[in-house]
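Asker: Could you have a look at this structure, given as structure tokens, before my questions?
The values are calculated or read from the model by the stated rules, or taken from the named source; none is laboratory data. Every value quoted in this text rests on a predicted model; they were computed, and no experiment measured them. Every residue, glycine as well, gets a Cβ built from its backbone with ideal geometry; the counts of neighbours run over all protein chains shown.
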Amino acid sequence: MAVAFLVPRPSAPSGGHAYNASVCAHWPGTPPDVVQLDGPWPRGDEESRAALRDALARPDVALVDGLVGAAHPDLLEEAAGRGCRTVLLVHLPLADEGGLSKAGRRDLERRERRSVRAARRVVTTSHTAAAGLRRRTGRDDIVAVPPGVDRAALADPHDPPVLLQVGSIGSRKNQLTTLAALAGCLDLSWRAVFVGPVADDGYAERFRAALSPARATWTGALEGPDLEAAYAGSDLLLHPARAETWGMVVTEALAHGIPAIVGIGTGAVEALTSGSASGLPGAVVQPDDTAGLTGALRSWLGDPELRARWRGRARTARAGLRDWHTAAAELARVLELG
């Protein structure tokens, strides 16, 4: 049985790309044949749509990254008509991305709803996202395969404390709210480091203008040892994302024994609680509540006992995090059942 994994060709680091690569690296037995597709995804163009159609024509089973396939229900329907069993892997519902017009968001919602119905099986990367997609599409057999995480060395405490935000620079990850909250903490000692590629040029311009070189810096995109060094050099992850399926940066922080502040109502809360620590290893805030985030930061920065308590909970949660072997085996099982 020929099995292919259709993914967008990476142009910058992202959680979706990391998930795809990690499940393949830890796949039980022979992993799917990975087919990287160029294109202005999710909508694509004539050339990229032709490449997607061709890629769907070859395998018996196609695991399709939602960024590539969720906006193209007609191609998934064609593939099903030819007997290809398609499994749609939704990292982030298309309409949840930032910077979309109302009309563009509605169009992507319509396309993705039809794609979800066309696929043989549908997988999301969190239980939070699976429940949301079930409500929006009416499909009740959507399953969740959350990410794993690699083992990592514990980060040591720093003086002054170092705050870290990792994510593409754009409205969904919400760096401007973080900077506004930090402006209310200037009387306290801290440093902040932002890591990530640009997702939105206009947003990134405003973000750069709001940075304070002495207190808050931006490294750009980091991977491998450089990203590990960023985690090792930090004390608290800030992730007030407006929309998030899981938030792999949250469990990556916990793997280093680092607590996090995340946006309520998003999959990042599921990630923060996934290690089953006795007590929350951090806090949740409304993503656009600048005063609430400022208050949480002031409490943490001003109370060494609270910092120690959160750090202890993060280190406890670290032991309960799932690994990539588990995630890959669960995803492989979905393909077998499909």
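Asker: Taking the range 292-320, which residues are among the hydroxyl-bearing types (Ser, Thr, Tyr) and in contact with a Cys (Cβ under 7 Å, 6 or more places away or on another chain)?
Answerer: As a first pass, look at the range 292-320 and keep what is among the hydroxyl-bearing types (Ser, Thr, Tyr): 294, 299, 316.
THR294 - this is the single residue of the range 292-320 that is among the hydroxyl-bearing types (Ser, Thr, Tyr) and in contact with a Cys (Cβ under 7 Å, 6 or more places away or on another chain).
Asker: Now for a different question. Can you find even one residue in the range 103-115 that is more than 19 Å from ALA327 (Cβ to Cβ), crowded, with 23+ Cβ neighbours inside 10 Å and either among the hydroxyl-bearing types (Ser, Thr, Tyr) or modelled with pLDDT under 95 (or both)? I'd like the intermediate steps shown before the answer.
Answerer: Step one: list which residues in the range 103-115 are more than 19 Å from ALA327 (Cβ to Cβ), which gives 103-115.
If we keep only those that are crowded, with 23+ Cβ neighbours inside 10 Å as well, we get 112, 115.
Going one step further and asking which of them are either among the hydroxyl-bearing types (Ser, Thr, Tyr) or modelled with pLDDT under 95 (or both), we end up with 115.
Yes, the range 103-115 contains a residue that is more than 19 Å from ALA327 (Cβ to Cβ), crowded, with 23+ Cβ neighbours inside 10 Å and either among the hydroxyl-bearing types (Ser, Thr, Tyr) or modelled with pLDDT under 95 (or both).
Asker: Within the group TRP324, TRP300, TRP310, which residue is touching a residue at least 12 places away in the same chain (Cβ under 8 Å), surrounded by 15 or more Cβ atoms within 10 Å (Cβ to Cβ) and under 22 Å from the mean Cα position of the chain (by Cα)?
Answerer: Working: TRP300 fails: under 22 Å from the mean Cα position of the chain (by Cα); TRP310 fails: under 22 Å from the mean Cα position of the chain (by Cα).
Within the list TRP324, TRP300, TRP310, the selection yields TRP324.
Asker: Of all the residues that make up the range 59-99, how many are in contact with an Asp or Glu (Cβ under 9 Å, 6 or more places away or on another chain) and of a type in the set (D, E, K, R)?
Answerer: 2
Asker: Looking at the range 267-288, which of its residues are of a type in the set (Asp, Glu) and either in a helix (DSSP H, G or I) or without any contact (Cβ under 8 Å) to a residue 12 or more places away in the chain (or both)?
Answerer: Once the filter is applied, which keeps residues that are of a type in the set (Asp, Glu) and either in a helix (DSSP H, G or I) or without any contact (Cβ under 8 Å) to a residue 12 or more places away in the chain (or both), the range 267-288 yields only GLU270.
Asker: Can you tell me which residues in the range 203-228 are of a type in the set (Lys, Arg) and within 24 Å of SER189 (Cα to Cα)? Don't jump to the end; show me each part of the working.
Answerer: Filtering the range 203-228 for residues of a type in the set (Lys, Arg) gives 206, 208, 215.
Within the range 203-228, ARG208, ARG215 qualify.
Asker: Go through (1) under 17 Å from THR177 (Cβ atoms); (2) modelled with pLDDT of 95 or more and name the single condition SER212 misses.
Answerer: Single failed check for SER212: (2).
Asker: In addition: Has the range 138-157 got any residue that is part of a helix (DSSP H, G or I), of a type outside the set (Phe, Trp, Tyr) and modelled with pLDDT of 95 or more? Steps first, please.
Answerer: Going through the range 138-157, the residues part of a helix (DSSP H, G or I) turn out to be none.
No; the residues of the range 138-157 include none that is part of a helix (DSSP H, G or I), of a type outside the set (Phe, Trp, Tyr) and modelled with pLDDT of 95 or more.
Asker: For ASP54, are the conditions met, namely being crowded, with 20+ Cβ neighbours inside 10 Å and of a type in the set (Asp, Glu)?
Answerer: Working: crowded, with 20+ Cβ neighbours inside 10 Å: no; of a type in the set (Asp, Glu): yes.
For ASP54, the condition - crowded, with 20+ Cβ neighbours inside 10 Å and of a type in the set (Asp, Glu) - is not met.
Asker: Only one residue in ALA71, ALA95 is surrounded by 15 or more Cβ atoms within 10 Å (Cβ to Cβ) and in a helix (DSSP H, G or I), so which one is that? Steps first, answer last, please.
Answerer: Values: ALA71 fails: in a helix (DSSP H, G or I).
Just a single option satisfies the conditions, and that option is ALA95.
Asker: In the range 58-112, what residues are under 21 Å from LYS173 (Cβ atoms) and β-branched (Val, Ile, Thr)?
Answerer: Within the range 58-112, VAL90 is the sole residue that qualifies.
Asker: Now for a separate question. Please go through the range 273-297 and give me each residue that is crowded, with 20+ Cβ neighbours inside 10 Å and under 19 Å from GLY320 (Cα atoms), ordered by number.
Answerer: The answer is SER274, GLY275, ALA277, PRO281, GLY282, ALA283.
Asker: Please go through the range 160-200 and give me each residue that is buried (at least 21 other Cβ atoms within 10 Å of the Cβ), hydrophobic (A, V, I, L, M, F, W, C) and either out of contact with any helix residue (DSSP H, G or I) (no Cβ under 9 Å at 6 or more places or on another chain) or outside any strand (DSSP E or B) (or both), ordered by number.
Answerer: Matches in the range 160-200: LEU179, ALA181, LEU182.
Asker: Against the condition within 16 Å of PRO13 (Cβ to Cβ) and in contact with a His (Cβ under 8 Å, 6 or more places away or on another chain), how does GLY196 come out, does it pass?
Answerer: no
Asker: For the range 248-263, check the following and say yes or no: at least one residue is part of a loop (DSSP other than H, G, I, E, B), crowded, with 24+ Cβ neighbours inside 10 Å, of a type in the set (D, E, K, R) and under 14 Å from the mean Cα position of the chain (by Cα).
Answerer: No; the residues of the range 248-263 include none that is part of a loop (DSSP other than H, G, I, E, B), crowded, with 24+ Cβ neighbours inside 10 Å, of a type in the set (D, E, K, R) and under 14 Å from the mean Cα position of the chain (by Cα).
Asker: Output the residue which, of all residues in the range 1-35 that are of a type in the set (S, T, N, Q) and surrounded by fewer than 21 Cβ atoms within 10 Å (Cβ to Cβ), is modelled with the highest pLDDT.
Answerer: Here the residue is SER22.
Asker: Another question, if that's okay. Out of the residues in the range 221-244 that are in a loop (DSSP other than H, G, I, E, B) and under 17 Å from the mean Cα position of the chain (by Cα), which is surrounded by the most Cβ atoms within 10 Å (Cβ to Cβ)?
Answerer: At the first step, the residues of the range 221-244 found to be in a loop (DSSP other than H, G, I, E, B) are 221-223, 233-235, 240-244.
Going one step further and asking which of them are under 17 Å from the mean Cα position of the chain (by Cα), we end up with 221-223, 240-244.
Working: ALA221: 16, LEU222: 18, GLU223: 12, PRO240: 28, ALA241: 26, ARG242: 18, ALA243: 22, GLU244: 31.
Only one residue fits best here, namely GLU244.
Asker: Go through the range 271-281 and count every residue that is within 15 Å of the chain's Cα centre (by Cα) and closer than 18 Å to GLN165 by Cα. Reasoning before the result, please.
Answerer: First pass over the range 271-281, keeping only residues within 15 Å of the chain's Cα centre (by Cα): 271-272, 274.
Those left that are additionally closer than 18 Å to GLN165 by Cα: 271-272.
Result for the range 271-281: 2.
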